[in-house]
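Here's the structure, in structure tokens; my notes come after.
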Amino acid sequence: MISYSQIEDAYPNNERRLPSLPSEHSEVQTRPMCAFLGPLEVRTGSRTHTVGGNRQRTLLAALLVSPGRPLAAEQLYAELWGENPPPTFENSLQAHVYRLRRTLQQLAGPDGRAPELLTRSSGYVLELGGEETDAAAFRRLVGQARACARHAPERAHRLLGEALALWRGAPFQDVARGPMLQSVALALEEEQLCAVEDKLWLEIQLADPVHSIGELKRMRTIHPWRERLTEMLMLALYRTGRQAEAVETYNSTRRRLASELGMEPSLRLRQRFQQILNQAPSLDAAVPA
């Protein structure tokens, strides 16, 4: 997660700059071979393929969670059939593996570049031949953005934009999720939301915060308990000369936390509120280059 201090260190004395135009060079070096941040897709060459059959999609999705690592047959039973596997579930799994392997081979076409489904003593493994999934690309780009936020916040902003552009919908959107896939999907959605927050945070620091207020209000309506969104909205309002709205944003959050959850705002949010009340110099609006 990108912190306020990272941006302050990058631009001391509140000398922030507008973000530069996106570079023509993309950090996403190649199109991910397999994608599940949205509908499940297999990409070979310039073509995009879907996989038919509910259980084939579930099997492929489960293997894509950790490509290159064997997945035990017992885990696949739970993903495919839950608590009610058929009497011949071992043979049924082998049949699904055979069909999926044949499907992937057919998708490879002349260039032969498609995921390879292998049988191991410990289970089954999907080899991508050095390629990555869209989820792996997303995490790589977010990691790069956070690593460079201190010294190159404009690049961090661009990297987060590229990472979020990989999302086409909910993870495993067209897949029947078992317990493992459901858990992975929830974790990915949390990571996506944190990346969105990081990008909005950078936009507030680097550009005119008025452009972020509408999106922050929308996000806060959807996720009312995420105090980071409230903090960013308070800061953006304050920097655009709307101190009274910033104060009311805090007060409305405090009232709702107290009435619905019996809680007080976090120490960080209370401190930000006091800074706004005191018009702390550290909250000064960004100065264009």
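The values are calculated or read from the model by the stated rules, or taken from the named source; none is laboratory data. The structure presented is a predicted model; accordingly, all values stated were derived computationally and were not measured. Here the Cβ positions follow ideal geometry from the backbone for every residue, glycine too, while neighbour counts run over all protein chains shown. Just so you know, the surface numbers come from the protein's heavy atoms only, side chains and all, with ligands and any DNA or RNA stripped out. Shrake-Rupley method; radii C 1.70, N 1.55, O 1.52, S 1.80 Å.
Consider only pairs whose beta carbons are under 7 Å apart and that are at least six residues apart or on different chains; among these, list those whose first residue lies in region 95-123 and is farther than 17 Å from Gln75 by Cα and open to solvent by 50 Å² or more (accessible area, probe 1.4 Å) and whose second residue is of a type in the set (Ser, Thr, Tyr) and modelled with pLDDT under 90.
So the pair list comes out as Asp111/Thr44; Arg113/Thr44.
Among the numbered criteria (1) within 21 Å of the chain's Cα centre (by Cα); (2) touching a residue at least 40 places away in the same chain (Cβ under 8 Å); (3) not in a helix (DSSP H, G or I), which single criterion is violated by Trp225?
Condition (2) is where Trp225 drops out.
So, Glu260, is that one exposed (fewer than 13 other Cβ atoms within 10 Å of the Cβ), in a helix (DSSP H, G or I), among the acidic types (Asp, Glu) and within 30 Å of the chain's Cα centre (by Cα) or not?
So Glu260 fits the description; yes.
Taking Ala176, is it without any contact (Cβ under 8 Å) to a residue 12 or more places away in the chain, open to solvent by 30 Å² or more (accessible area, probe 1.4 Å) and more than 24 Å from Glu260 (Cα to Cα)?
Judged against the criteria, Ala176 is not a match.
Which residue, of Val247, Val210, is at pLDDT below 95 and either on the phi > 0 side of the Ramachandran plot or surrounded by fewer than 20 Cβ atoms within 10 Å (Cβ to Cβ) (or both)?
Answer to the check: Val210.
Among residues belonging to region 45-69 that are of a type outside the set (A, V, I, L, M) and not in a loop (DSSP other than H, G, I, E, B), point out the one that is surrounded by the fewest Cβ atoms within 10 Å (Cβ to Cβ).
Arg47
From the list Pro171, Pro153, exactly one residue is open to solvent by less than 20 Å² (accessible area, probe 1.4 Å), within 18 Å of Pro39 (Cα to Cα) and either within 10 Å of the chain's Cα centre (by Cα) or not small (Gly, Ala, Ser) (or both). Which is it?
After ruling out the rest, the residue left standing is Pro171.
Within region 186-200, is even one residue free of Cβ contacts under 8 Å to residues at least 12 places away in the same chain and more than 30 Å from Ala246 (Cβ to Cβ)?
yes
Look at region 135-150 and say how many of its residues are surrounded by fewer than 20 Cβ atoms within 10 Å (Cβ to Cβ) and among the small types (Gly, Ala, Ser).
Matching residues across region 135-150 total 3.
Can you tell me which of (1) assigned to a helix (DSSP H, G or I); (2) closer than 27 Å to Glu189 by Cβ is the one Gly38 doesn't meet?
The number of the failed condition is (1).
Those residues that are in contact (Cβ under 8 Å) with a residue 12 or more places away in the chain, open to solvent by less than 60 Å² (accessible area, probe 1.4 Å), in a helix (DSSP H, G or I) and not acidic (Asp, Glu), I need them from region 74-88; list them, please.
The answer is Leu76, Tyr77, Ala78, Leu80.
With respect to Val42, is the statement that it is among the β-branched types (Val, Ile, Thr) and under 21 Å from Ala137 (Cα atoms) true?
In short, yes.
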